[in-house]
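Chemist: Let me begin by handing over the structure; questions about it come next.
The values are calculated or read from the model by the stated rules, or taken from the named source; none is laboratory data. As the structure is a computational prediction, the values presented were derived from the model and not from experiment. We place every Cβ from the backbone using ideal geometry, glycine too, and count neighbours over all the protein chains shown. When the accessible area is computed, the model is the full protein with side chains, heavy atoms only, and any ligands, DNA or RNA have been set aside. Shrake-Rupley method; radii C 1.70, N 1.55, O 1.52, S 1.80 Å.
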Amino acid sequence: KSLVDHLRADGQVVTCGDADLRGTARLAGAAATFWPERKRWTARFHAGAFPFQLRSRNAARHVAAHGHRVDLVLQLGANYRLRNRGRMPYFVCCDSNICMSIHGAAAGYRDAAPLGRRELAAIVRREFAVYRDADGIFTLSDRLRRSFIEDVGLPAHRVHTVGAGPNFPDGRMPPKDRPRLAPHPPTILFVGRQFERKGGDLLVRAFRLVRQQV
């Protein structure tokens, strides 16, 4: 939403289409990926082949409905693939990829942990096809950009770090000329679910080292 709001504020006309699964399609995707263990079922539903196909179908319908008025497509994430865009420029904005998820196993956490080797290999093939088909990739961090270059094998000129940015509308941002508070020890606020996956534990350990010198 923040990305759409800022593009519109910049004067762009943005049409949004939700490719996620609803109603009977969601039930069909859930049934096709069912597994008795809930975490694995969830992972299979979000990254499995059949839900991927259903989302791709939904995305194709959006493009068919608006294609003649669209100058480019910006896809969020890689859980579907556009096949009917023709020569329309196509970009993908990502906050992660399957390779980063697999790398996360070394730190004791990864989204795809419940999945087996064959399932992970299939996800890698599907995601890589999305990335290689895109005209460009926008990433929220330099670390993720390196993954697209080193793990996926994309040319560096096609992968661009754009950062996450603040998730606040313009009117909610603090004024630049607000008065300074009285001197006090620095305070850091960490906002995010899944503390370890977002690196919160690493931040705490890093500041223990900082405190030895500052």
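Chemist: Could you please give the count of residues in the stretch 5-32 that are part of a helix (DSSP H, G or I), at pLDDT 95 or above, under 21 Å from the mean Cα position of the chain (by Cα) and surrounded by 15 or more Cβ atoms within 10 Å (Cβ to Cβ)?
Modeler: Going residue by residue through the stretch 5-32, those that are part of a helix (DSSP H, G or I) are 5-9, 23-32.
Now drop any that are not at pLDDT 95 or above, which leaves 23-32.
When the remaining residues are screened for being under 21 Å from the mean Cα position of the chain (by Cα), the result is 26, 29.
Next, from what is left, pick out any that are surrounded by 15 or more Cβ atoms within 10 Å (Cβ to Cβ): 29.
Within the stretch 5-32, residues that are part of a helix (DSSP H, G or I), at pLDDT 95 or above, under 21 Å from the mean Cα position of the chain (by Cα) and surrounded by 15 or more Cβ atoms within 10 Å (Cβ to Cβ) number 1.
Chemist: How many residues are assigned to a loop (DSSP other than H, G, I, E, B) and either among the polar types (S, T, N, Q) or surrounded by fewer than 17 Cβ atoms within 10 Å (Cβ to Cβ) (or both) when one looks only at the stretch 152-165?
Modeler: Here is the first cut: in the stretch 152-165, the residues assigned to a loop (DSSP other than H, G, I, E, B) are 152-155, 162-165.
Next cut, either among the polar types (S, T, N, Q) or surrounded by fewer than 17 Cβ atoms within 10 Å (Cβ to Cβ) (or both) only: 153, 155, 162-165.
Residues flagged as assigned to a loop (DSSP other than H, G, I, E, B) and either among the polar types (S, T, N, Q) or surrounded by fewer than 17 Cβ atoms within 10 Å (Cβ to Cβ) (or both) within the stretch 152-165 amount to 6.
Chemist: It is to be established whether one or more residues within the stretch 126-141 are among the basic types (Lys, Arg) and modelled with pLDDT of 90 or more.
Modeler: Taking the stretch 126-141 and keeping what is among the basic types (Lys, Arg), we get 126, 132.
Now narrow it down to the ones that are modelled with pLDDT of 90 or more: 126, 132.
Among the residues of the stretch 126-141, at least one is among the basic types (Lys, Arg) and modelled with pLDDT of 90 or more, which makes the answer yes.
Chemist: Okay, moving on. Considering only the stretch 122-138, state which residues are of a type in the set (Val, Ile, Thr), under 15 Å from Ser101 (Cα atoms) and open to solvent by less than 30 Å² (accessible area, probe 1.4 Å). Break it down into steps so the answer makes sense when it comes.
Modeler: So the first thing to find is which residues in the stretch 122-138 are of a type in the set (Val, Ile, Thr), and the list is 123-124, 130, 137.
Restricting the remaining residues to those that are under 15 Å from Ser101 (Cα atoms) gives 123-124.
Listed by number, the list holds a single entry, Ile123.
Chemist: Moving on. Inspect the stretch 33-42 for any residue being within 29 Å of Pro89 (Cα to Cα) and in a loop (DSSP other than H, G, I, E, B) and give the result as yes or no. Step through it out loud before you land on a result.
Modeler: Filtering the stretch 33-42 down to residues within 29 Å of Pro89 (Cα to Cα) leaves none.
So far as the stretch 33-42 goes, no, none of its residues is within 29 Å of Pro89 (Cα to Cα) and in a loop (DSSP other than H, G, I, E, B).
Chemist: Restricting attention to the stretch 112-133, report how many residues are touching a residue at least 40 places away in the same chain (Cβ under 8 Å) and of a type in the set (Val, Ile, Thr).
Modeler: 2
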